[in-house]
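The values are calculated or read from the model by the stated rules, or taken from the named source; none is laboratory data. Please read these numbers as outputs of a predicted model, since none were measured by experiment. Cβ placement follows ideal geometry from the backbone for every residue including glycine, while neighbour counts extend to all protein chains displayed.
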Amino acid sequence: MRLLAIALAALAAAGSCALAADKPPPEPPKVEAPAPQTPGEIRADLYTRLAASKDADETEGLVKLMFATYGLSGTDTGDLLLERAHKAIVARAYDAAGQILDAAIAFMPGEAEAWNARATLRYLDDDYDGAMADVAQTLKRDPRHLGAMMGMASILTSRDKKAEALDVYRRALTIAPHWATAEKAAETLRAELAGQEL
């Protein structure tokens with residue numbers, strides 16, 4: 001009898017072990033991944049890194065990244081509109097590009113790059129007044145927008161407002177020290193202005 005009780009106890013223990021083995025192990029606690037950065041947050045980080053950059057190579061790499069982020073609006077529709085407008089500008093389909101950019105600005109009026117892209121289009125279409133108006137809107141939304149500053153400096157230079165253009169390049173260099181493109185343009189204007197003073 002005692003042996004039977006021991007055997008039954010052993011069987012019960014084996015059964016409970018088998019049941020426990022059939023249960024899946026407890027799931028580890030869920031750790032939520034951090035939310036991806038918004039385009040604005042990415043640009044803010046890049047502006048900080050640009051200000052701290054140590055040389056022209058580092059600056060050039062950061063500027064390229066910055067220009068790549070300008071086409072990111074944070075919405076699929078906004079990104080698609082900007083991409084289509086860019087393709088139309090490259091294809092010199094300026095009327096189509098203008099319609100797309102007007103739609104982009106209506107869809108996302110707070111997005112600096114929509115205004116900047118239209119400024120570029122207007123500049124290429126020789127509408128300097130319209131381009132300057134859109135550059136102003138771009139800089140109102142993103143005062144550190146390097147593309148808008150370069151566009152503004154180009155328009156000012158073409159209008160023979162070299163001293164004002166030089167000021168814009170200097171401003172760009174406060175945001176992106178060691179940026180060779182802005183440094184060379186500023187140096188050229190400084191030499192031209194010095195020649196005019198002689």
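Points worth noting:
- TYR70 vs. criteria among the aromatic types (Phe, Trp, Tyr), without any contact (Cβ under 8 Å) to a residue 60 or more places away in the chain, touching a helix residue (DSSP H, G or I) at 6+ places or on another chain (Cβ under 7 Å) and surrounded by 14 or more Cβ atoms within 10 Å (Cβ to Cβ): no
- ALA88, sole failed condition from (1) surrounded by 17 or more Cβ atoms within 10 Å (Cβ to Cβ); (2) hydrophobic (A, V, I, L, M, F, W, C); (3) within 22 Å of VAL168 (Cα to Cα): (3)
- Counting residues in the stretch 47-65 that are farther than 18 Å from ALA104 by Cα, surrounded by fewer than 17 Cβ atoms within 10 Å (Cβ to Cβ) and among the β-branched types (Val, Ile, Thr) gives one or more.
- For the stretch 50-92, filtered to residues that are over 16 Å from the mean Cα position of the chain (by Cα) and charged (D, E, K, R), the residue that is nearest to LEU121 (Cα to Cα) is ARG92.
- Restricted to the stretch 3-46, and to residues there that are of a type in the set (Lys, Arg) and at pLDDT 70 or above, the residue that is surrounded by the fewest Cβ atoms within 10 Å (Cβ to Cβ) is LYS30.
- Flag if LEU101 is surrounded by 13 or more Cβ atoms within 10 Å (Cβ to Cβ) and under 20 Å from the mean Cα position of the chain (by Cα): yes
- Of all the listed residues (LEU166, LEU189, LEU121, LEU173), the sole one being surrounded by fewer than 21 Cβ atoms within 10 Å (Cβ to Cβ), free of Cβ contacts under 8 Å to residues at least 60 places away in the same chain and among the aliphatic types (A, V, I, L, M) is LEU173.
- Checked against (1) under 14 Å from THR138 (Cβ atoms); (2) touching a residue at least 24 places away in the same chain (Cβ under 8 Å); (3) out of contact with any helix residue (DSSP H, G or I) (no Cβ under 7 Å at 6 or more places or on another chain), GLU58 meets all criteria but (1).
- Test for LEU72: is it assigned to a helix (DSSP H, G or I) and of a type outside the set (Asp, Glu): no
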